[in-house]
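**Q** Just dropping this structure here.
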């Protein structure tokens, strides 16, 4: 009986532990059957636990009755064995396995639980759809690669806490059932039963609470905390995600960025064993947009955007010239040595950038002597071609790409083109970790739909002091005391110095066209808190899922989350979300709209 | 300007740090004005930060312009000072203050933020209602006592993780948006926008996920995790609360209890500096009910329940005799030396136990020679009185209390009486930490309303193997492999060995009258997981809020939660829960019931 076995015999080793040093020792192992092989009189089982694999052997002489029962063992049976460690017979070592020099000859064993045939084999990845993996996540997580991801995440979390604890930070838990402040993304709502008709919201971040903790004099706060956003899940997002969230009092940007570099270096070290290069290079937002077209640039490779507007301003090519004359952007990317791109590839790239607003994509193949092969070559004089070649450092075998439009549009699609070219030509090494800071973000951005200024980060971000007087008259020119941390082209962190003075916060609300009444209704408690001696403060949040995924070399955050949801925000394992009893809704005083 | 000050001058010390060792040093301090006193030409400010208080002095000679500006400083202004440490003038030391031998003579200062007059002074506790404290929680948390609670909680959390990390546990995050499985308490629901009419539920605990992690081969899991229960908040509960949640594979009760004792000892040590007495004493459930009347007994004092049914079975007192004859319980508690209880006190105690189902409360004051002074004395022969006196060890000055009714009813009200007497006579030392385990709980309890057996813990608790065959015929007699950890009469932890075999889980569902269809609908995914080689496993969860509150010597868990909710599950600070926009509800496909 399982109970008796566990009471009598404790596990002595993991399945990843035994070597020649334990030869002759009696051991007890517990785990799962990865594979069973019958070889004439001998039965071999590869016993797996989270630490590794050990070969255990049943033979008629040593294993007695256990031998015949062992025929029944199948893949994923959970079992325990007791036996003696012995050196494997000559020539049967498995150098790929940590325990490959030994095997355990079984004298006693116990099947804790049999297993049905799994819907997929653990070694098999191809042909296993993600929905099946998520429905049987408990089998999927038995794969060593997945356990290794969970362990890396665990190590990263402990390193983060260890570092912050050492820096005088206090872990403080903030509420999950809080107030809805619809800014940016949608809130998940939770109906209140005690106050029918009223709702809690799940926090999109602990932003307001961490600021309140600074007003409380906590001085240094952190939390590894779940956050919630009810968005239509594009790309690689999850409705619930984890942040390493921190806030500090009596600091400026330099303090927060230095602290963050130390924090992230600890995480990187714990997760990968690598040293992070410090100080992390910095770019301003304007520079990032100029050179890379995106505010989270991948700086592992070149292909930078080069301004050619001054050159094309007097060329014959009307499309470019007119854009340049109207103050638009004309920029080029030099696809260095990308001559192998076929006409079809170029058509594909044109279609690709169209998704990002490009009305077309002019290209030039550079031939010997800098000669242009291109549909647009005929519109350029020899002199213009030479000047452009020089500006972009064109050489034989290069492919030049041009974008001409509003500056934001060109930046977006050439920025995306740049990433796509790097992907196609494998210009990036996923094992390289290339961090940069992006600073000096605009405080506000124009929302053309709502026809008003919106906060680029959030409404509590402090404007740079030298821009304070532009807030009323020229809000678009105001830069924020905000900073994003970017890793390999992904934003992995973002933060800012916050507004700590009530008068400045009111100015900011005014610039955002949030009236006094609305401000009081939504954020009154924060405004009031600022009137009681709020200290200067700022902080940052790391996107923990994304950071861990990159450090684990995984393309998706779902690979580093134990029980992730699908793109439709559903859990194939538990079938959440699901129907609930009508009585539950009655108690909450809500009803489901018939139309839905 | 604050920005300039912070950029130029970094804080050199905390306000709790300076002593004679720093005499003559130039320092920069930042914090809040606790008190300002004008003494002729001198202005004294007690500057407070989270680490302590330092007296800073402005005088016309050393402080220059700063001196006259310092007149404007008021309580809770946030400021920074730069100045020189000097020994306080003869006779002005403050031995109560860690920094009481020195003061800082200010040469430069900056008001970061003024403060309105706070609604209460930080030193003031009396006359400050809890609602006001919670509305201005950011001021309330500035009190050193409250910061000290947050810090104790932080230390306890780090100690818990440190211990579990050292024992090979992995911290794994489980979902908050999950499936509603209405068992026990009510779920908080979260409407799904993507699947209108469907709902997520916030987890009452990660129970199902941690079991799935064991099936996943994680072997040792933990999480310090928020849990949610939509209950009517009686006593000292919160709608969201924190558990130290853990689960282990290949273990039995002894393993989990030993591990837990190590864990809790680490927490106790980190929080209080005290060593926990180990091994923790154990009681069975039956023994706890017999001796203390409650399943979470406070074992710091005696006043145990003593069975007197055999003695009163043939006494003249009909009330007791009839109960004894029918197999009911007749028990006594000896209120040792409680002769000072007045008639009014005894009436109050009678009213008190009536709340717990007592139809009356017979009492006896023991006089010299064991003589009874009591309304019921006349119904007892001398022999009966002597035998009872002997059974309860009655001496002059004692007050005996009797209960007679169904065993469960007597246990409940005498158990409560016992606690109330201990409270009135201050029999417990809050600084004493008295742990015990309660084991051998019944697996099921009869739900008289639903007229069926319900799980005493939860439906996944394993029955003791020797009772397995009673599950069908005599379910009330089946004991569970469950264990609760009790501290000073509060349950601070509970857990069990879980069912790991699908056939046993089906038997348990059958005993709970959960049909196959209902089981499949609610827990199908767990049942299915058990069919794929689930390992034997068990675990436990500590009620972290309660444990920390007791260790902090606080009567309420609200004192150790940064932003707690009221008994009505509301937050006076943010005014959650609140109204939401109609468009939010439209998007979710729900509407508020008009009647509500």
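**Q** Hey, could you pull the Cα Rg and Dmax for segment A:92-238, both in Å?
**A** According to the Cα coordinates of segment A:92-238, Rg and Dmax are 23.3, 71 Å.
**Q** Can I ask one more? Roughly how compact is segment B:187-314, stated as its Cα Rg over 2.2 N^0.38 Å to two decimals? Before the final figure, lay out each step's value.
**A** On the way: Rg = 20.7 Å, N = 128, 2.2 N^0.38 = 13.9 Å.
Normalised by 2.2 N^0.38 Å, the Cα Rg of segment B:187-314 equals 1.49.
**Q** Could you work out [θ]222 nm for the protein assembly as shown from helices alone, using -39500 (n - 2.57) per DSSP H run of at least four and dividing by all its residues? Round to the nearest 500 deg cm²/dmol. Walk me through the intermediate numbers first.
**A** Details: 38 runs with 366 residues, N = 1192.
Per the formula, -9000 deg cm²/dmol.
**Q** For residue B:124, which inter-copy label distances result when the label point lies 7 Å beyond Cα on the Cα-to-Cβ vector, reported in nm to one decimal and in ascending order?
**A** Computed spacing set for this position: 7.4 nm.
**Q** Can you tell me the equivalent ellipsoid semi-axes for the protein assembly as shown? Use √(5λ) from the Cα gyration tensor, largest first, whole Å. List each step's numbers first, then the result.
**A** Numbers: eigenvalues 686, 395, 162 Å².
Semi-axes (√(5λ), whole Å): 59, 44, 28.
**Q** Then there's this: Residues of B:196-209, mean number of Cβ from any other protein chain within 10 Å of their own Cβ, rounded to a whole number? Mind dumping the intermediate values first?
**A** Values: counts 5, 8, 9, 10, 14, 7, 6, 0, 0, 0, 1, 0, 2, 6.
Other-chain Cβ atoms within 10 Å of each residue's Cβ, averaged: 5.
**Q** Return the average number of partner chain Cβ atoms within 10 angstrom of each residue Cβ along peptide A:153-164.
**A** 3
**Q** Could you compute Rg(Cα) / (2.2 N^0.38 Å) for segment B:328-474, with N its residue count?
**A** Values: Rg = 19.4 Å, N = 147, 2.2 N^0.38 = 14.7 Å.
Dividing the Cα radius of gyration by 2.2 N^0.38 Å gives 1.32.
**Q** Further question: Per-residue Cβ counts within 10 Å, from other chains only, averaged over B:251-257: what number is that? Before the final figure, lay out the partial values.
**A** Working: counts 3, 7, 3, 3, 3, 0, 0.
Mean number of neighbouring Cβ atoms from other chains: 3.
**Q** Nearest 10 degrees, 0 to 90: what angle lies between the long axis of helix B:144-166 and the longest principal axis of chain B (Cα atoms)?
**A** Roughly 60 degrees, rounded to the nearest 10.
**Q** Separation of segment B:1-53 and segment A:544-590 by C-alpha centroid, Å?
**A** About 49 Å separates the Cα centre of segment B:1-53 from the one of segment A:544-590.
**Q** So how many Å³ per residue does the convex hull of the Cα atoms of segment A:435-564 work out to? Walk me through the intermediate numbers first.
**A** Details: hull volume 20.0 nm³, N = 130.
It is 154 Å³ per residue.
**Q** How many nanometers, to one decimal and shortest first, lie between the label point of residue B:194 and those of its other copies, if labels sit 7 Å from Cα toward Cβ?
**A** Counterpart label points of residue B:194 in the remaining copies fall at 3.2 nm.
**Q** With the calculation restricted to Cα positions, what are the radius of gyration and Dmax of segment A:255-312 in angstrom?
**A** 15.6, 51
**Q** Could you tell me what fraction of 2.2 N^0.38 Å the Cα radius of gyration of segment A:248-377 comes to, as a two-decimal ratio? All intermediate terms of the calculation are to be shown ahead of the outcome.
**A** Values: Rg = 20.5 Å, N = 130, 2.2 N^0.38 = 14.0 Å.
So the Cα radius of gyration is 1.46 times the expected 2.2 N^0.38 Å.
**Q** Only Cα pairs under 8 Å and at least 6 apart count here; give the relative contact order of chain B as a rounded whole percent. Could the numbers behind the result be given before it?
**A** Details: 1126 pairs, mean separation 77.6, N = 596.
In percent, rounded to a whole number, it is 13.
**Q** Arrange the peptides A:90-99, A:385-394, B:571-580, B:3-12 so that the one whose residues have, on average, the most other Cβ atoms within 10 Å appears first.
**A** Values: A:90-99: 11.9, A:385-394: 17.8, B:571-580: 21.3, B:3-12: 15.5.
Those peptides, ordered most packed to least, come out B:571-580, A:385-394, B:3-12, A:90-99.
**Q** What's the percent breakdown of Cα-Cα distances in segment A:284-323 across 5 Å bins, shortest bin first?
**A** In order of increasing distance, the bins hold 6, 23, 20, 14, 15, 15, 7, 0 percent.
**Q** Given labels modelled 7 Å from the Cα in the Cβ direction, how far is it in nm from residue B:393 to residue B:376?
**A** Using points 7 Å along Cα→Cβ, the separation is 2.2 nm.
**Q** Something else about it: Once you have a ≥ b ≥ c as the square roots of the Cα gyration tensor eigenvalues for segment B:507-570, tell me rounded if a/c is under 1.5, and otherwise prolate or oblate according to whether a/b is larger than b/c. If you can, show how the numbers build up before the last one.
**A** Details: a/c = 3.48, a/b = 2.24, b/c = 1.55.
It comes out prolate by the Cα gyration axes.
**Q** What's the angle, to the nearest 10 degrees (0 to 90), between helix A:516-530's Cα axis and the longest principal axis of chain A?
**A** In chain A, helix A:516-530 runs at an angle near 70 degrees to the longest axis.
**Q** Give or take rounding to whole Å, what are the principal axis extents of the alpha carbon atoms in segment B:98-171, in descending order?
**A** 52, 38, 25
**Q** Could you tell me the largest-minus-smallest coordinate of the C-alpha atoms of chain B on each of the three principal axes, in descending order and whole angstroms?
**A** Result, largest extent first: 93, 73, 55 Å.
**Q** Under 8 Å for C-alpha pairs, at least 6 residues apart: give me the relative contact order for segment B:406-481, rounded to a whole percent. Write out the running numbers ahead of the final one.
**A** Details: 63 pairs, mean separation 20.7, N = 76.
Reported as a whole number, the value is 27 percent.
**Q** Moving on to the next point. Taking neighbour counts of Cβ atoms within 10 Å as a proxy for exposure, in what order, fewest first, do A:446, A:32, B:363, A:437 appear? Before the final figure, lay out the partial values.
**A** Details: A:446 12, A:32 26, B:363 23, A:437 20.
So the residues, fewest neighbours to most, are A:446, A:437, B:363, A:32.
**Q** Helix A:407-424 sits at what angle to the longest principal axis of chain A, using alpha carbons and giving 0 to 90 degrees rounded to 10?
**A** Compared with the principal axis, the helix lies near 30 degrees.
**Q** Run the label-point distances for residue B:94 please: 7 Å along Cα to Cβ, every other copy, nanometres, shortest first.
**A** Result for residue B:94, in nm, nearest copy first: 7.1.
Where a number appears in this text, it was derived from the coordinates with a stated rule and is not lab data. As the structure is a computational prediction, the values presented were derived from the model and not from experiment. Here Cβ is always computed from backbone atoms with ideal geometry, including for glycine, and neighbour counts include all displayed protein chains.
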